[in-house]
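Participant: Let me begin by handing over the structure; questions about it come next.
The values are calculated or read from the model by the stated rules, or taken from the named source; none is laboratory data. Everything quoted here is computed from the prediction, not taken from an experiment. Methodologically, a virtual Cβ is constructed for each residue, glycine included, from the backbone with ideal geometry; neighbour enumeration extends over all protein chains shown. What goes into the accessible areas is simple: the full protein's heavy atoms, side chains included, and nothing from ligands, DNA or RNA. Shrake-Rupley method; radii C 1.70, N 1.55, O 1.52, S 1.80 Å.
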Amino acid sequence: MSDKKASNQMWGGRFASGPAAIMEAINASISFDRKLYAQDIRGSIAHSEMLAETGIISAGDQHKIAHGLNTILKEIESGKFEFSTRLEDIHMNVEARLAELIGPAAGRLHTARSRNDQVAVDFRLWVKDEFHRVAEALKGLIAAFLERAEEHAATVMPGFTHLQTAQPVTFGHHCMAYVEMFARDLSRVRDAIQRMDESPLGAAALAGTGFPIDRHRTAKALGFREPTRNSLDSVSDRDYALEFLSVASISATHLSRLAEEIVIWSTPQFGFVRLSDGFSTGSSIMPQKKNPDAAELVRAKTGRVNGHLIGLLTVMKGLPLTYSKDMQEDKEAVFDAAETLDLMLAAMTGMVTDMTVNAVAMKKAAGSGYSTATDLADWLVRTLGLPFREAHHVTGRAVALAESKKLGLEKLSLEDLRSIHAGISDDIFSVLSVQNSVKSRTSFGGTAPSEVRKQIRYWKKRLAKA
């Protein structure tokens, strides 16, 4: 049959002619919703099996339908299937081809369902599958960080506030901060899967159906926990898509913060890390340059993911119940965000895995900016019993003296320190080195190497169960 005639037949007798070219262009979604082919066929097979079990269609027709759908699946996956824009979307393309393959029995497949619940279940299945892919990618990134943290549990580096040297920490502790962030992302993924684990199939256009369908059966067949409980909500909301974009946006933001640190750390001024050639590029004019392009692109792509979230929120914000064609705009945003996030996670995992850490440069920088000043103040409180505010003042004077002499705190003489406070003893030098500073931070979740190793052991066990 011609595309135009097929389109009219799929719409039914209400329309005497096919859509104008402009209407066809704005209305068709097959250019992107063809990504849903596997979910669409999976949902249709489950629906046909339920229709046969409940006696709504015959077992013979169901067998033809299932055989035809599996044939179409093979055609699509082998690249032999011809998609038509005149047939609008993946659902009509599949159904039209099914009619060509098995004849009138194909017309029974759409009994007791609508494209509204059909697209809702297809898209929900796709998002659920993508959530599982993101979960695995996050686990891989977390594992990479755990490995680097274990290698560098005692590697001293500066900790920053306002990007100014604050207190010494360890690179292992810094890595574990990202373990915490990406583990929360993983937790959000798991939570989102639980919330969306309901099947909208059987809600039909908006009001359900009078046919004796078994929605629990199709939900189970498709791997959902249970069917949705309100037919209006089932076809009219896309909060699972919004939640995917929200989770993707938060995770992308974490990736972007890490990318920014890698960009800074890889500069000659810092020299903390060196990316492999596989994640760097050179300059067309400056032969000495090695640019952290992969990290910069991860940082930039966060804007793309964030934009998709805002876009879909804007699409959905004014829609009355139930379905509106506006919802066709949901898929491209989610498809692109998913592809982008997958690439960002893969790139960052690769960078974390094979970047070279310059422990010498980190240690040298850790002692800059009088980073052990807080240790001096803590010693005055702990050993001499000074109120912290007085200790803070004494320490400030010590820093000023060190600055005037162009020395580090640990290089001041005992006489220098006693000129500020007579009670200071030579025991003070036990806390002024960066190594002793980090070793002393043994509070739960602190930067002491012993505490970092405890957290690594904890997260390895959790990751094994995730």
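Participant: Based on the mean of other beta carbon atoms within 10 Å per residue, what is the order of 422-430, 44-52, 132-140, most packed first?
Facilitator: Answer by packing, highest mean first, reads 44-52, 132-140, 422-430.
Participant: Collect residues whose amide H, placed 1.01 Å from N in the peptide plane, falls under 5 Å from the amide H of Ser199; neighbours closer than 5 in sequence don't count.
Facilitator: Here Glu226, Thr228 satisfy the definition.
Participant: Related question: Separation of the stretch 428-456 and the stretch 288-338 by C-alpha centroid, Å?
Facilitator: 42 Å
Participant: Would you mind checking the pairs Lys363/Lys461; Lys363/Lys411; Lys364/Lys439; Lys363/Lys439; Lys74/Lys331; Lys364/Lys405 and listing those with alpha carbons more than 21 angstrom apart?
Facilitator: The pairs that break the limit, which is 21 Å between Cα atoms, are Lys363/Lys461; Lys74/Lys331.
Participant: Ok, one more. Mind jotting down the three principal axis lengths of the chain based on Cα atoms? Whole angstrom, largest first.
Facilitator: Principal axes ranked by extent give 100, 53, 38 Å for the Cα atoms.
Participant: Also: Accessible area per residue for the chain in Å², computed with a 1.4 Å probe and the full protein assembly in place, what is it?
Facilitator: Here the per-residue accessible area is 47 Å².
Participant: Please work out the C-alpha center-to-center distance from the stretch 234-257 to the stretch 168-215 and express it in whole Å.
Facilitator: Cα centroid to Cα centroid, the span is 10 Å.
Participant: Calculate the length of the line joining the C-alpha centroid of the stretch 132-147 to that of the stretch 55-102, in whole Å.
Facilitator: 37 Å
Participant: Measure nothing but the geometry: give the 0 to 90° angle between the long axis through the Cα atoms of 330-354 and the longest principal axis through the Cα atoms of the chain, rounded to 10°.
Facilitator: 40 degrees
Participant: Arrange the peptides 350-356, 113-119 so that the one whose residues have, on average, the most other Cβ atoms within 10 Å appears first.
Facilitator: So the peptides 350-356, 113-119, ranked by packing, come out 113-119, 350-356.
Participant: Taking Lys406 as the anchor, which aspartates and glutamates have their alpha carbon closer than 16 Å to its alpha carbon, excluding any fewer than eight residues away along the same chain?
Facilitator: Asp416
Participant: Bin width 10 Å, alpha-carbon pairs only: give the P(r) of the stretch 185-293 as whole percents, running from 0 to the bin holding the largest distance.
Facilitator: It works out to 13, 26, 18, 14, 13, 12, 4, 0, in whole percents.
Participant: Another question about this same structure. Show me, for the stretch 426-432, the HN-Hα J-couplings you get by feeding each phi into the Karplus relation (A = 6.51, B = -1.76, C = 1.60, θ = phi - 60°), rounded to Hz, glycine and proline as x.
Facilitator: So the Karplus estimates, Gly and Pro as x, are 5, 5, 4, 5, 6, 10, 8 Hz.
Participant: Largest first and to the nearest Å, give the Cα extent of the stretch 178-243 along each principal axis.
Facilitator: On the principal axes, the stretch 178-243 reaches 52, 23, 13 Å in Cα extent.
Participant: Please pull out the direction-averaged projected area of the stretch 116-364, using the convex hull of its alpha-carbon atoms, in nm² to one decimal place.
Facilitator: 16.0 nm²
Participant: Here's another thing I want to ask about it. Ranked from highest to lowest mean number of other Cβ atoms within 10 Å per residue, what is the order of the peptides 264-274, 93-103?
Facilitator: So the peptides 264-274, 93-103, ranked by packing, come out 93-103, 264-274.
Participant: Return one number: the angle in degrees, 0 to 90 and rounded to the nearest 10, between the long axis of the Cα atoms of helix 37-53 and the longest principal axis of the Cα atoms of the chain.
Facilitator: 50 degrees
Participant: Could you give the angle, 0 to 90 degrees to the nearest 10, between helix 171-196's Cα long axis and the longest principal axis of the Cα atoms of the chain?
Facilitator: 20 degrees
Participant: Oh, and also: Of all accessible surface on the chain at a 1.4 Å probe, what whole percent is carbon and sulfur?
Facilitator: Ligands and nucleic acids excluded, carbon and sulfur give 53 percent.
Participant: Quick one: of Lys139/Lys290; Lys35/Lys128; Lys301/Lys460, which pairs are farther than 20 Å apart, Cα to Cα?
Facilitator: Listed pairs above 20 Å: Lys139/Lys290; Lys301/Lys460.
Participant: Check Ala166: other-chain or 5+ apart residues with amide H under 5 Å from its amide H, H built from backbone geometry?
Facilitator: Gly159, Phe160, Thr161
Participant: Per residue, how big is the convex hull around the C-alpha atoms of the stretch 300-339? Give it to me in cubic angstrom, could you?
Facilitator: That works out to 50 Å³ per residue.
Participant: Here's a follow-up. How large is the Kirkwood hydrodynamic radius of the stretch 21-111, counting all unique pairs of alpha carbons, in Å?
Facilitator: 13.5 Å
Participant: Here's another thing I want to ask about it. So what are the ³J(HN,Hα) numbers for the stretch 91-101, from phi and the Karplus equation (6.51, -1.76, 1.60; θ = phi - 60°), rounded to whole Hz, Gly and Pro as x?
Facilitator: Taking θ as phi minus 60°, the curve returns 5, 5, 4, 5, 5, 5, 5, 4, 5, 5, 7 Hz for the stretch 91-101.
Participant: Another question, then. Go ahead and estimate [θ] at 222 nm for the chain from helices alone: -39,500 (n - 2.57) per DSSP H run with n ≥ 4, summed, over the residue count, rounded to 500.
Facilitator: -20500 deg cm²/dmol
Participant: Can I ask one more? Apply the Karplus parameterisation 6.51 cos²θ - 1.76 cosθ + 1.60, with θ equal to phi minus 60°, to every residue of the stretch 450-462 and state each ³J(HN,Hα) to the nearest whole Hz, in sequence, with x for glycine and proline.
Facilitator: 4, 6, 4, 5, 4, 5, 4, 4, 4, 6, 4, 5, 5
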